[in-house]
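The numbers here are math on the coordinates, done by the rules we state, and not lab data. This is a predicted model, so every value here is computed, not measured. With ideal geometry, Cβ positions are generated from the backbone for all residues, glycine too; neighbour counts draw on all protein chains shown.
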Ligand code: GLA
């Protein structure tokens, strides 16, 4: 967590002012994939990888955004009506600033420095974390505090409209609402949520295939369009249907003939994945970790065979996980087409699991994966300078 230790110092050296620092966590989704934009259920948890934003106000209306991970800075005049995406990392914070402005938050100019600990393209939601950390930093600077649900919506809108990825609300929501030791069962229609405790006996381990995923190009937007197509067809039969959330398995099977094979497969994944999330939540509530793990395995098969968003490396990582001792369940997590798997493993086998999967994955692919035992973390928040100093000391 290098960013936590030096971001304030780096900021002072660059801008000659004392910043406020905010951080927003990445996430893993335990189950409920590609259900959020279908108004269904998801169960993510925030993880202890963060995006950090240091900020101080400027006298003018200019936003100067730097990142220690990228050479080019972005500068925009907040009053300009000519701000366009540049197809680069700064579209995330700039898009958020525009959304806040549109929502009536009286933004002022600022210098910002961004640092990310979350590996990019790993399916751990570095994009949502940069959006959320920026949104909190910019909003709090004005003394204006939109509520967290509204902030999540604004960040999602920035990604949909400015960045061009039609993502759902899961990632932004969990980055703002995460809670230590808990996953969150979220109803993406009502945005009601319930915190579900992660049992002591299990560890959650992410395995990054190192195959980068990308939500802007690729199949993500196409999957979303296929779901919308399924809804259009089924609505002709049953006009009350607003999203795949409203479709039962029975209705889908009865009208399978009205859908193309692809559309049927996508819809079948979503309908059954929603059921799996509710079942998994019940399993966690009753401490039935085995049942939870089975749901994860089914979810992976469905994402691989029906939704077709897995890839050879993710499948391999899951197969290798399933061969290890002490594994309850393994599946791809996030949008897919690369990125990471999430694994639920008996606590005492966590180390051997990480070692064995790393070496067998490397043997098979020649790629060194990144494997982390992750702790369910708190949602985005300002970071006290004393906390930054504390962490800096620990690392010396
Ligand atoms: C990405 C998106 C989320 C969600 C997942 C798939 O992470 O940002 O909104 O759709 O993919 O579950």
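Which ones in the range 122-152 are more than 14 Å from the chain's Cα centre (by Cα) and either under 25 Å from residue 339 (Cα atoms) or in a helix (DSSP H, G or I) (or both)?
The answer is 134, 135, 136, 137, 138, 139, 140, 141, 148, 149, 150, 151.
Give me a count of the residues in the range 229-250 that are assigned to a loop (DSSP other than H, G, I, E, B) and closer than 15 Å to residue 37 by Cα.
Matching residues across the range 229-250 total 4.
Scan (1) away from the ligand (no atom under 16 Å from the Cβ); (2) buried (at least 24 other Cβ atoms within 10 Å of the Cβ); (3) over 20 Å from residue 199 (Cα atoms) for the single condition residue 319 breaks and write down its number.
Looking at each condition in turn, residue 319 falls short on (2).
Keeping to the range 153-180, report how many residues are touching a helix residue (DSSP H, G or I) at 6+ places or on another chain (Cβ under 9 Å), farther than 18 Å from residue 97 by Cβ and not in a loop (DSSP other than H, G, I, E, B).
5
Applying the selection to the range 146-160, what residues are within 14 Å of the ligand (Cβ to nearest atom) and closer than 15 Å to residue 94 by Cα?
Answer for the range 146-160, where residues must be within 14 Å of the ligand (Cβ to nearest atom) and closer than 15 Å to residue 94 by Cα: 155, 156, 157, 158, 159, 160.
How about the range 335-375: which of its residues are part of a strand (DSSP E or B) and under 18 Å from residue 183 (Cβ atoms)?
Answer for the range 335-375, where residues must be part of a strand (DSSP E or B) and under 18 Å from residue 183 (Cβ atoms): 340, 341, 342, 343, 344, 345, 346, 372, 373, 374.
For the range 1-52, how many residues meet the condition of being farther than 17 Å from residue 115 by Cα and away from the ligand (no atom under 16 Å from the Cβ)? Give the steps one after another, and end with the answer.
Initial filter on the range 1-52 (farther than 17 Å from residue 115 by Cα): 16-17, 28-46.
From the residues that got through so far, the ones that are away from the ligand (no atom under 16 Å from the Cβ) too are 16-17.
Final tally of qualifying residues: 2.
Conditions (1) touching a strand residue (DSSP E or B) at 6+ places or on another chain (Cβ under 6 Å); (2) not in a loop (DSSP other than H, G, I, E, B), marked per residue:
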{"position": "51", "(1), (2)": "yes, yes"}
{"position": "64", "(1), (2)": "yes, yes"}
{"position": "73", "(1), (2)": "yes, yes"}
{"position": "80", "(1), (2)": "no, no"}
{"position": "85", "(1), (2)": "no, no"}
{"position": "98", "(1), (2)": "no, yes"}
{"position": "107", "(1), (2)": "no, no"}
{"position": "111", "(1), (2)": "yes, yes"}
{"position": "120", "(1), (2)": "no, no"}
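If residue 318 passes every condition in (1) over 20 Å from the mean Cα position of the chain (by Cα); (2) part of a helix (DSSP H, G or I) but one, which one does it miss?
Here residue 318 clears every test but (1).
Looking at residue 329, is it buried (at least 22 other Cβ atoms within 10 Å of the Cβ), away from the ligand (no atom under 16 Å from the Cβ) and more than 19 Å from residue 126 (Cα to Cα)?
Answer is yes for this residue.
Condition check ((1) away from the ligand (no atom under 16 Å from the Cβ); (2) within 30 Å of residue 322 (Cα to Cα); (3) buried (at least 18 other Cβ atoms within 10 Å of the Cβ)) across all residues:
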site	(1), (2), (3)
185	no, yes, yes
191	no, no, no
196	yes, yes, yes
199	yes, yes, no
221	no, no, no
241	yes, no, yes
245	no, no, yes
248	yes, no, no
